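Below is one structure, written out as structure tokens; comments come after it.
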Amino acid sequence: MQQEAFDPPFGSVYKQVLEGWCDVDEISELDSGADCSEVEARVPVIDLSCLNEELEDIEEWCKREICEAAQEWGCFQVINHGVSSEILEKMRCEQIKAFKKPFQDKLDLDTYRWGTPSATCLRHLAWFEAFHLPLTHLHTTTTTTTTTPFSTTINQYAKITSNLAEKLAEILAEKLGHNLGFFRENCIPSKCYIRMSRYPMCPISPHVFGLMPHTDSDFLTILHQDHIGGLQLLRNGKWLNVNPKQETLIVMIGDLFQAWSNDVYKSVEHRVNANKHFERFSVAYFLCPSNETMIESSCGGSSSTYRSFSFGEFRQQVQDDVKRFGHKVGLSRFTL
């Protein structure tokens with residue numbers, strides 16, 4: 001496999017697994033969504049400008065649409081969200097510059113991640129690289145991946161998406177009758193982070209994932225994917241494409257919101273398909289609480305599905321399961 005100097009060494013590190021990829025059952029499992037590859041998920045699109053309408057009925061209708069989408073889909077798309085097309089384009093340009101630096105230079109950074117080097121089977125391979133940037137790092141880091149223009153752009157993006165995530169979380173909490181101050185108190189910006197991802201061209205697509213099927217371990221994720229696409233979500237047992245739409249952001253419910261809402265809102269399982277011909281870029285904002293924050297599962301007086309747990313406990317369990325099994329187990333670990 002020919003590799004660019006800036007690409008992670010997927011071919012050499014994954015060599016042993018790839019040489020044994022003749023397992024028919026495993027390939028069949030990986031290709032299980034192939035028949036749905038052209039089917040688009042009709043994820044609700046919500047115009048957030050309605051939240052600024054003077055007419056209370058329109059604002060309430062918009063809030064209701066958000067909550068219904070979170071219940072039925074576990075995700076929704078938003079337009080008129082406050083992130084300008086100029087910022088989105090600058091983000092993409094700066095991402096390209098950052099990821100096209102030599103692999104070793106990126107590897108030396110503690111914010112850099114790539115693939116799944118410890119994978120032992122095809123279903124656990126991931127063909128991606130990413131920078132995980134806690135918001136506290138954005139002003140202090142001096143690495144070459146965060147030059148002044150990049151820092152300015154990502155800070156603009158982070159500020160807008162942070163406010164957006166808090167606003168959406170409070171709307172979802174309001175409909176549950178929960179404390180609206182919970183997110184302002186526990187999901188402070190220093191506990192949240194941005195993940196910038198690149199999915200290089202993969203010569204053996206579609207037999208490996210760009211990113212394995214998973215749910216997010218936060219309250220909310222706000223994602224922008226570029227024009228290439230590749231994001232899929234699982235609905236009624238089928239994988240459906242979430243095709244990119246210009247200037248649209250995707251909001252996904254995470255595990256913490258599902259537990260906190262006692263299964264009223266659903267954490268959506270999703271994945272990214274590898275692409276043989278094009279590289280793909282995306283940027284995601286994750287609304288997370290502090291490790292000490294307790295997730296109490298109760299809603300409307302109904303009995304709790306989950307025991308109380310801290311975010312730190314949840315994160316540690318996820319890490320332990322990934323290390324042991326090669327994949328995340330998630331909320332089922334915390335059911336009563």
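Just so you know, all these numbers are worked out from the coordinates, no wet-lab data involved. Since this is a predicted model, take the numbers as computed values, not measurements. A quick note on method: Cβ atoms are made from the backbone with ideal geometry, for glycine too, and the neighbour counts reach across all protein chains shown.
Which entries in the list LYS15/LYS323; LYS90/LYS276; LYS90/LYS175; LYS100/LYS238; LYS175/LYS323; LYS100/LYS159 go over 32 Å, if you measure between the two C-alpha atoms of each?
Pairs exceeding the cut-off: LYS90/LYS175; LYS100/LYS238; LYS175/LYS323.
Taking loop as defined by DSSP and a crowding limit of 15 other beta carbons within 10 Å, which trypsin sites (Lys or Arg not before Pro) in segment 208-285 fit? Display every interim value, and only then the final one.
Working: sites: ARG235, LYS238, LYS245, LYS266, ARG271, LYS276, ARG280; in loops: LYS245, LYS266, LYS276.
Here the trypsin sites (Lys or Arg not before Pro) that fit, given the DSSP loop and packing criteria, are LYS245, LYS276.
Calculate one ³J(HN,Hα) per residue across segment 283-295 by plugging θ = phi - 60° into the Karplus curve 6.51 cos²θ - 1.76 cosθ + 1.60, and present them in order as whole Hz with x for glycine and proline.
3J(HN,Hα) across segment 283-295, in whole Hz: 9, 10, 10, 10, 8, 10, x, 6, 4, 7, 5, 8, 9.
For LYS97 and LEU336, what does the FRET efficiency come to when R0 = 51 Å and r is the distance between their Cβ atoms, rounded to the nearest 0.05?
0.55
Mind putting a number on the dipole of the chain about its Cα centre? Charges go on the C-beta only, +1 for Lys and Arg and -1 for Asp and Glu, and I need it in Debye to the nearest 20.
Details: 32 positive and 45 negative charges, 182 e Å.
Charge dipole, the chain, about its Cα centre: 880 debye, nearest 20.
Just to check I understand the Karplus step: with θ = phi - 60° and J = 6.51 cos²θ - 1.76 cosθ + 1.60, what whole-Hz values come out for segment 216-228, glycine and proline as x?
Working through the residues one at a time gives 7, 9, 10, 7, 9, 10, 10, 10, 10, 10, 6, 6, 6 Hz.
Using alpha carbon centroids, what distance separates segment 55-92 and segment 313-336, in Å?
That distance is 30 Å.
Taking the Cβ of GLU4 as the center, what net charge do the other residues with Cβ under 13 Å away carry, scoring Lys and Arg +1 and Asp and Glu -1?
So the surrounding residues net to +1.
For the residues MET201, MET196, what sequence is obtained by ranking on other C-beta atoms within 10 Å, fewest first?
Lowest to highest Cβ neighbour count: MET201, MET196.
When Lys and Arg each count +1 and Asp and Glu each count -1, what net charge do the other residues less than 14 Å away from ASP57, Cβ to Cβ, add up to?
Values: positive: LYS63, ARG64; negative: GLU53, GLU54, GLU56, GLU59, GLU60, GLU65.
Net charge in that neighbourhood comes out at -4.
Assigning unit charges at the beta carbon (Lys, Arg +1; Asp, Glu -1) and nothing else, what dipole magnitude in debye, to the nearest 20, does segment 161-280 show about its Cα centre?
Details: 13 positive and 12 negative charges, 79 e Å.
Approximately 380 debye in magnitude.
For Cα Rg over 2.2 N^0.38 Å, pick the label among (1) 0.93; (2) 0.98; (3) 1.18 that corresponds to the value derived from the coordinates.
Derived directly from the coordinates: (2).
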